[in-house]
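Engineer: This is the structure I want to talk about, given as structure tokens.
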There are 2 protein chains.
Amino acid sequence: MTNKIYFEDLPNIKEAKKNLSKAIMKEKESVGYYNLPQFDVSSIDEFASRIDDKIEFIVVLGIGGSSLGAKAIYEFLKPVKEMKRKLYFFESTDPLNILSLLSKIEIKKSHFLVISKSGTTVETIAVFKYMLSINKNMGHYTIITDLDSPLDKFGKLKGMNIFYLPCNVGGRFSVLSTVGLLPLALCGVDIKELLSGAKKIQNSFFEDAYIKDVLFKKAFFYAKHHSTYHINCIFAYSETLKYFCQWYVQLWGESLGKKQRHSAFNVGLTPIGLIGPKDQHSFLQLIVEGTRDKSMTCIKIDDFKDELSIPDISLEELESLDILNGLEFHDLINMQCDSAMESLKILKDIPIDEIIVPRVDERSMGELIYYYELLTSLVGQLIDVDTYNQPGVELGKIILKNKLSEVRK
Amino acid sequence: MTNKIYFEDLPNIKEAKKNLSKAIMKEKESVGYYNLPQFDVSSIDEFASRIDDKIEFIVVLGIGGSSLGAKAIYEFLKPVKEMKRKLYFFESTDPLNILSLLSKIEIKKSHFLVISKSGTTVETIAVFKYMLSINKNMGHYTIITDLDSPLDKFGKLKGMNIFYLPCNVGGRFSVLSTVGLLPLALCGVDIKELLSGAKKIQNSFFEDAYIKDVLFKKAFFYAKHHSTYHINCIFAYSETLKYFCQWYVQLWGESLGKKQRHSAFNVGLTPIGLIGPKDQHSFLQLIVEGTRDKSMTCIKIDDFKDELSIPDISLEELESLDILNGLEFHDLINMQCDSAMESLKILKDIPIDEIIVPRVDERSMGELIYYYELLTSLVGQLIDVDTYNQPGVELGKIILKNKLSEVRK
């Protein structure tokens, strides 16, 4: 991938850059995701090879960090890759959603992955209990959780297949671990290529090469201006990146929306995921003429590997649109992206950058994921938050448990 | 629907309220959407009755205001309603998306609706040309556009079926006109009930009853604090409202992100659509601990009309979650909403309100749509913008046409 940045580098921050490098190297000793490109996938490969060919559906019971990553990758690749199995996600307690998903799978041809880091996620266990009432065969379920969680202990008692999250890997940073890799491997996604893409970015970053330069530039700019440009939009010009945007929203919002470590002030960078050209007809007006509180990152796919083009048909009264004739759709969508960017650059007060992803394949997605994880860590350091926790959601969980206990009385 | 507001009314604004009422009454004389609950659907009914029963797919070629409204309603009702036909939307120039949608429809069993207010929307005409290269039978296409647009003139020359947008109805306010009603009617949606829901809100508002009171309270609060709480989140507790959120994002963002009429300052309210409980595991942390720049509207569905419940299964080591046993899923999801709201109310500096939608049906959706359209108009008046135009996106369109002309040389 390449990343062109159209805003100015901050001056005189050589020392600050050194400090940030040091802080990240220190984080790397304890924060697990940094080393996931080196994740040993042999046990995943071995497990995938043992799963019966009659299994046609891989069904993830999981929510948030347990589902968003695998979904982003699966939905990115689906239009170009014949998947070995279909992947579904039960990630809600909405009864209509559960019923609608149930109508899409065949229970007897499904293998279920129960994914919960804590092992006690209310949504996941509720749906797991429901599934157990339909299918009691524990051989059809596999657990992914933290070692010694209640779910781990339950699985051990029942002799179930169990995988563990690596040490110190949080849910939203877990896609390149078993959490994301196992469901994807079962569907035939080339997980080694995925990791290899991530490794490329890892190398470039830790060897002080190209990616470190652009990531530092962006991170310092976002942090310096975080109280002005505190909404960060991704404008991705392909429908294949729709669920990647959702993954990004969780990563960015839940990591950077915090009380600052030293001041305890509420800070935050608000992520928004947009898809072009559709959202040119929805959100672009707000970016162009609205409050100057947004930065924008356009993501383009360099090669869609298709040959769909607009036929050379002239329509009477619509001759002004003959300029489209003969054009390939992938050229059109990338020209739409370029045109929107140019119109914004003229305004001079909206920070823009552009990421070009080579292809719709595993390696490209691995690069993009690791790039955004690093960017999140860098900005988190600079705005002085704990990037890896989420204390703000605990109170709601306690209130819910109290309400549930009341109902049982 | 009911709407409970958990923030304070502004004091001493009796005069301002009178002025706003006057301004809206004046708008109502020229802005077309206000009167859409009275839209005459006889020509739509008549057309729908003539469409061959062999047609199984209704295919919309349209983008933005031409697709988002019908999609929101169709996807809301789909889990509870047996649709007469399937509805698909070609709303992108992404070649992979076009190919993937083509694989889902049968051309011979499809009727195509080419929807473009201007009649020259690049995305729509590009895909229309592509469809014409596969299916040349003009009887299989119907046009919805403005009278005398280039597309209208083309359709007349070819003797095609043509419907018009009512006078002075902009794309993003057009869902309760032919633009939304025709595709929905062809799929068996009860469009009269939809309008009847909208009429209920219309009456309550223009007869100075309940809805006017809550809408005024919210509009004045949002406008007064628009430079502080300038991000407005909908947190909808049902997957059925996913595309409603996208419709809301267009309505709110494109209407209110503007240069002010008198000052020419850039203002804007940024819409974000979230789905619970999923986004409790993604975005909620940012709301709870991040910058105090967000208001939040929770939307709950009162009666899901289902009986799916969590079975009374106790899992060893997971006994703490036996509190879920026997609970209906729709009670659980609404308790999750209540718990999240309570945890936010404790903070006291996040403006919250709660909308309760009676059921997943046409009438409820009609209410919700008209409610949000009115709210948008009210806030637009108060922050002094032209709610109904979108001048900011024009430059990008001109740049694109220049680029396309260059390619042709």
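Engineer: Quick one: which bits of the range A:256-297 get at least 50 Å² less accessible when the partner protein chains are in, versus the chain alone, with a 1.4 Å probe?
Structural biologist: Checking the loss per residue gives A:Asn266, A:Thr270, A:Lys278, A:His281, A:Ser282, A:Gln285, A:Leu286, A:Glu289, A:Thr291.
Engineer: Name the residue farthest towards the positive end of the dipole of the range A:267-366 from the options A:Leu318, A:Thr291, A:Pro358, assuming +1 on Cβ of Lys and Arg, -1 on Cβ of Asp and Glu, about the Cα centre.
Structural biologist: About the Cα centre, the residue reaching furthest to the positive side is A:Thr291.
Engineer: Let me ask something else about it. Step through the table entries A:Lys4/A:Lys259; B:Lys199/B:Lys242; A:Lys84/A:Lys156; A:Lys200/A:Lys300; A:Lys109/A:Lys192; A:Lys28/A:Lys294, compare each Cα-Cα distance with 21 Å, and write down the pairs that go over it.
Structural biologist: A:Lys4/A:Lys259; B:Lys199/B:Lys242; A:Lys84/A:Lys156; A:Lys109/A:Lys192; A:Lys28/A:Lys294
Engineer: Can you show me the helix-derived [θ] at 222 nm for the protein assembly as shown, built from DSSP H runs with n ≥ 4 at -39,500 (n - 2.57) apiece and divided by the number of residues, rounded to the nearest 500.
Structural biologist: The helix contribution divided over the protein assembly as shown gives -14000 deg cm²/dmol.
Engineer: So, one more: What is the local net charge at B:Lys258, summed over the other residues whose Cβ is closer than 12 Å to its Cβ (Lys, Arg +1; Asp, Glu -1)?
Structural biologist: Around B:Lys258, the surrounding residues sum to -2.
Engineer: Moving on to the next point. Using a Gaussian network model of chain B whose springs link C-alpha atoms within less than 10 Å, name the residue from B:Ser49, B:Ser149, B:Ser314 with the highest mean-square fluctuation.
Structural biologist: Looking only at B:Ser49, B:Ser149, B:Ser314, the largest GNM fluctuation is found for B:Ser314.
Engineer: Could you run the Debye sum over the Cα atoms of the range A:135-281, one equal point scatterer each and no solvent, and tell me log10 of I(q)/I(0) at q = 0.16, 0.19, 0.20 Å⁻¹, two decimals?
Structural biologist: For the range A:135-281 at q = 0.16, 0.19, 0.20 Å⁻¹, log10 I(q)/I(0) is -1.16, -1.33, -1.36.
Engineer: If each of A:Ser405 and A:Ile313 carries a label point 7 Å out from its Cα toward its Cβ, how far apart are those two points in nm?
Structural biologist: That separation, rounded to one decimal, is 6.6 nm.
Engineer: Further question: How much of the calculated P(r) for the range A:214-276 lies past 17 Å, in percent of all Cα pairs?
Structural biologist: Beyond 17 Å sits 47 percent of the P(r) for the range A:214-276.
Engineer: For A:Arg359, what is the net charge nearby, where nearby means another residue's Cβ is under 15 Å from its Cβ and Lys, Arg count +1, Asp, Glu -1?
Structural biologist: Numbers: positive: A:Lys78, A:Lys81, A:Lys200, A:Lys300, A:Lys305, A:Arg363; negative: A:Asp190, A:Glu193, A:Asp302, A:Asp303, A:Asp306, A:Glu307, A:Asp361, A:Glu362, A:Glu367, B:Asp94.
Combined, the nearby Lys, Arg, Asp and Glu give -4.
Engineer: Rg and Dmax in Å for the range B:320-409, alpha carbons only: what are they?
Structural biologist: 23.0, 71
Engineer: Expressed as a fraction of 2.2 N^0.38 Å, the rule-of-thumb size for a compact globular protein of N residues, what is the C-alpha radius of gyration of chain A?
Structural biologist: Expressed relative to 2.2 N^0.38 Å, the Cα Rg reads 1.04.
Engineer: Of all the Cα-Cα pairs you can form in the range A:243-366, what percent are over 23 Å apart?
Structural biologist: Summing the P(r) of the range A:243-366 above 23 Å gives 48 percent of all pairs.
Engineer: From Cα pairs below 8 angstrom and at least 6 apart in sequence, can you work out the relative contact order of the range A:123-245, rounded to a whole percent?
Structural biologist: Relative contact order, the range A:123-245: 11 percent.
Engineer: Hey, can you grab everything whose amide H is under 5 Å from the amide H of A:Ser309? Only 5+ residues off in sequence or another chain; H modelled, so Pro and N-termini drop out.
Structural biologist: A:Phe329
Engineer: Now a separate question. Quick check of the Kirkwood formula: for the range B:185-247, what is the inverse mean of 1/r over all pairs of different Cα atoms, in Å?
Structural biologist: Working: mean 1/r = 0.0691 Å⁻¹.
One decimal place: 14.5 Å for the Kirkwood radius.
Engineer: Relative contact order for chain A: what percent, with Cα pairs under 8 Å and sequence separation of 6 or more? Don't jump to the answer; show the numbers that get you there.
Structural biologist: Numbers: 657 pairs, mean separation 87.3, N = 409.
Relative contact order, chain A: 21 percent.
Engineer: Classify the protein assembly as shown: rounded, prolate or oblate, from the alpha-carbon gyration tensor (a ≥ b ≥ c, eigenvalue square roots; a/c under 1.5 rounded; otherwise prolate if a/b is larger than b/c)? Present the calculation step by step, with values, prior to reporting the outcome.
Structural biologist: Numbers: a/c = 1.29, a/b = 1.25, b/c = 1.03.
Rounded.
Engineer: Whole Å is fine, so just give me how far the alpha carbon centre of the range B:115-141 lies from that of the range A:13-28.
Structural biologist: 55 Å
Engineer: Over the Cα atoms of the range B:59-149, what is the Rg over Rh ratio if Rh follows Kirkwood? Before the final figure, lay out the partial values.
Structural biologist: Details: Rg = 13.1 Å, Rh = 13.8 Å.
Across the range B:59-149, the Cα-based Rg/Rh ratio is 0.95.
Engineer: Name the residue, out of A:Asn325, A:Asn19, A:Asn135, whose mean-square fluctuation peaks in a Gaussian network model built on chain A with Cα pairs under 10 Å.
Structural biologist: Looking only at A:Asn325, A:Asn19, A:Asn135, the largest GNM fluctuation is found for A:Asn325.
Engineer: Roughly how many nanometres apart are two label points built 7 Å out from the Cα toward the Cβ at A:Asn137 and B:Arg292?
Structural biologist: So the label points at A:Asn137 and B:Arg292 sit 5.7 nm apart.
Engineer: Another question, if that's okay. I want to verify a result. In a Gaussian network model of chain B, Cα cutoff 10 Å, which of these has the top mean-square fluctuation: B:Pro11, B:Pro351, B:Pro79?
Structural biologist: B:Pro11
Engineer: Still on this structure, please answer the following. For chain A, what is the charge dipole size about the Cα centre, in debye to the nearest 20, if Lys and Arg each add +1 at the Cβ and Asp and Glu each add -1 at the Cβ?
Structural biologist: Approximately 2320 debye in magnitude.
Engineer: For the range B:125-201, would you read off the P(r) tail past 15 Å as a percentage of all alpha carbon pairs?
Structural biologist: 64 percent
Engineer: Roughly how much accessible area, to the nearest 100 Å², goes out of reach of solvent when B and A pair up, both sides summed, probe 1.4 Å?
Structural biologist: Looking at B and A, the buried total is near 10200 Å².
The values are calculated or read from the model by the stated rules, or taken from the named source; none is laboratory data. Remember, it's a predicted structure, so these values are computed and weren't measured experimentally. So basically every Cβ, Gly included, is an ideal-geometry build from the backbone, and we count neighbours across all protein chains shown. Heavy atoms of the whole protein, side chains included, go into the accessibility calculation; ligands, DNA and RNA do not. Shrake-Rupley method; radii C 1.70, N 1.55, O 1.52, S 1.80 Å.
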